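Everything below concerns the one structure shown next.
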Amino acid sequence: ARWIIGDTESGNGRTRRVHILVKPTRPDITTNLVISTDRRVYMLELRAGEEPYMPAVAWAYPARPATQRQATPARPTIPVMSARHYRYGLTGDAPPWRPVSVFDDGRRVYIQFPRGIVQGEMPPLFVVGSDGEAQIVNSRIYQNILIVDRIFAAAELRLGSGREQQVVRIVRTDGRQGS
């Protein structure tokens, strides 16, 4: 492995914090890292070099004044069965996390994973653009459903690396391009 990645926790209750630990095994390598929190998704580019490194990075969420606070829904609205468009096929590997269902509501794509999946086991989603390049898009997790904030023609769920990498490809089957 070129990078050693782990996590740990400190505190409990409201003071509980998760710490992501990343260490390169050699200089002159790069990779990307996606960290999903309950507030944001952070997309980082990691570069290892001979020079001193950034030993810690932290994000703080300042409290907004009560006049600026908005009520946030406790849970997203998952479309009712009659509003779902089941027009996606799955190909590729058959890992335990392989989606059981993929549908959209005309604005968002919902990827339903097997019940009991833990957020840490969920693979990142890469949408394949018209140029064939994979890109990370805005998404969020609710229970065992990954909600993608756009419609797409093709995407890949990838977990692992090298020969151990597992890939499940999601392809829209109605022949229309994603918006």
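Some notes on this structure:
- Test for residue 153: is it in contact (Cβ under 8 Å) with a residue 24 or more places away in the chain and either basic (Lys, Arg) or at negative phi (or both): yes
- Test: residue 84 is of a type in the set (Lys, Arg), under 21 Å from residue 40 (Cα atoms) and either touching a strand residue (DSSP E or B) at 6+ places or on another chain (Cβ under 9 Å) or touching a residue at least 24 places away in the same chain (Cβ under 8 Å) (or both): no
- The range 1-56: number of residues that are among the β-branched types (Val, Ile, Thr), under 20 Å from residue 160 (Cβ atoms) and surrounded by 11 or more Cβ atoms within 10 Å (Cβ to Cβ): 8
- Of all residues in the range 109-123, those satisfying the criterion of being surrounded by 16 or more Cβ atoms within 10 Å (Cβ to Cβ) and not aliphatic (A, V, I, L, M) are 110, 112, 113, 123.
- Scanning the range 85-105 for residues that are assigned to a loop (DSSP other than H, G, I, E, B) and either under 30 Å from residue 163 (Cβ atoms) or at pLDDT below 95 (or both) returns 93, 94, 95, 96, 97, 98, 99, 100.
- Scope the range 2-48; condition among the hydroxyl-bearing types (Ser, Thr, Tyr), more than 22 Å from residue 158 (Cα to Cα) and either part of a strand (DSSP E or B) or in contact with a Gly (Cβ under 9 Å, 6 or more places away or on another chain) (or both); matching residues: 8, 10
- So residue 111, is it in contact (Cβ under 8 Å) with a residue 40 or more places away in the chain and assigned to a strand (DSSP E or B): yes
The values are calculated or read from the model by the stated rules, or taken from the named source; none is laboratory data. These numbers come from a predicted model, not from an experiment. Ideal geometry is used to build each Cβ from the backbone, glycine not excepted, and the neighbour counts take in all protein chains shown.
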